[in-house]
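Data block below; observations after.
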Amino acid sequence: MARPGHTAWLLLGAAMLLFASAATAQDCLSATFSGGRTFGRCNSMPTLGASLHWTYHPENGTADIAFRARSGTDGWVGWGINPGRLGMAGSSVFIASQDGSGTASVLMTNLDTVSPSLQPATLKFGVPAGPTVEYSGGAYTIFATILLPGNTTQHNTVWQAGPLSGGNIQPHPTAPANLASTQRLDFLSGSSTGASNSRLRRRNIHGVLNAVAWGILIPTGAIIARYLRVFESADPAWFYLHIACQCSGYILGVAGWGLGLKLGSESVGVTYHPHRNIGIAIFCLATLQVFALLLRPDKKNKYRFYWNIYHHSVGYSVIILSAINIFKGFDILKPATGYKTAYIVVLATLGGIALFLEAITWPIAIRKRKRDADKASNGTAGWQQGA
């Protein structure tokens, strides 16, 4: 049977996922378009902050589509269909970009090789209307009416984003988010599956484990130790709560760290050195904290003062590095904005709780120290009189 504390954190993790999923769905469903255009369905892509909106017309096998993806003015985005396989090579795509004057345009081209020439071409599916493009609010939106190939509604879709240089389209990054930007979409039902869904799922698990462990449990344990210990009625409960949070965070964090190493070993030629190195540093420092528990001296031991310095400095270092690395992970995975927002909300909540408790416990701690000093003074005076 799960302990109440563990159950609470499992519920919090689930709440984060639900909050992020709801925010992502809301981003897709609440999207608006110029000219009052509306679409019957939408799909929030799992990577690159992109979404596809469409209305399928079964009477003629066409679909009115609007592909939207975040990008700076110095970048390009693209979307298309691959009639033959789930992958970039062989696909027919629309690529939106801007020239030196800031005018947005759409290129229709076929990606017949891994290094295509990106010359204008007739696509492998019909385009009865469009394409047109708009750039607004830091995102491109490509509009078009397409004739779904093969008289079927299930198709291999691809999307991508990359940089511009002098108005010229440059190769896209080889980040996990870019390499996972494919999925099979049913334009009739709206369901989708991806060839890299399993790997993407493991990346998401890696992110959630580390965010909950290093980004929530460990800071919460530190807050408990710093503030609850001030209240005499909370002793020794605060200590056991502190240990429960830190041990749970360490176990989950090591699991997430190990999964990250496994994902890294599978990404040959793609290494995120800062994220990886900070992760290793966090693991090493957190392991030192485990040894700190085993080597904890008695309160009256003369080395307890130095142990406290070691324990506190290493602990706060883990918390700071963890927050930095979690945001670096968001930059690598580029998930929907809901996940990052959820973590920021949790982080701000923990910070608010810490500030509130700081204001409450300072007066209590000062009175306690004064009382202890008076007791020590009275004890010394009594000893001198007795002597």
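The values are calculated or read from the model by the stated rules, or taken from the named source; none is laboratory data. Not measured: the values here are computed from a predicted model. Methodologically, a virtual Cβ is constructed for each residue, glycine included, from the backbone with ideal geometry; neighbour enumeration extends over all protein chains shown. Ligands, DNA and RNA are stripped out before the accessible areas are found, and what is left, the full protein with its side chains, is counted by its heavy atoms. Shrake-Rupley method; radii C 1.70, N 1.55, O 1.52, S 1.80 Å.
With a ≥ b ≥ c the root eigenvalues of the C-alpha gyration tensor of region 197-366, is it rounded (a/c under 1.5), prolate (a/b larger than b/c) or oblate?
It comes out prolate by the Cα gyration axes.
Quote the FRET efficiency, to the nearest 0.05, computed for residue 234 versus residue 29 with a Förster distance R0 of 45 Å and r equal to the Cβ-Cβ distance.
The computed FRET efficiency comes out at 0.50.
Using a Förster radius of 30 Å, what is the FRET efficiency between residue 303 and residue 355 based on their Cβ-Cβ separation? Nearest 0.05, please.
Using R0 = 30 Å, I get an efficiency of 0.40.
Could you sort the peptides 88-95, 323-330, 249-256, 107-114 by per-residue average Cβ neighbour count (10 Å cutoff), highest mean leading?
88-95, 249-256, 323-330, 107-114
Probe 1.4 Å, all protein chains in place: accessible area of residue 132 in Å², nearest 10?
70
For 135, 227, 56, give me the order by solvent-accessible area with a 1.4 Å probe, most accessible first, ignoring ligands, DNA and RNA.
135, 56, 227
Output the relative contact order of region 197-366, whole-number percent, from Cα pairs under 8 angstrom with separation of 6+ residues.
31 percent.
Could you report region 197-366's accessible area per residue, 1.4 Å probe, as an integer in Å²?
On the way: 9250 Å² over 170 residues.
Using a 1.4 Å probe on heavy atoms only, each residue of region 197-366 averages 54 Å².
Going by amide H atoms built from the backbone, whose H comes under 5 Å of the H on residue 75, apart from near neighbours?
When sequence neighbours closer than 5 places are left aside, the close amide H contacts are 164.
Quick one: of 302/328; 262/340; 262/334, which pairs are farther than 31 Å apart, Cα to Cα?
From the list (302/328; 262/340; 262/334), the Cα-Cα distance tops 31 Å for 302/328.
With an 8 Å Cα cut-off and a minimum separation of 6 or more residues, compute the relative contact order for region 27-190 in percent.
Result for region 27-190 is 25 percent.
Using 0.36 nm times the number of residues separating residue 103 and residue 127, minus their current alpha carbon distance, what extension gain do you get?
Full-extension gain reported as 6.4 nm.
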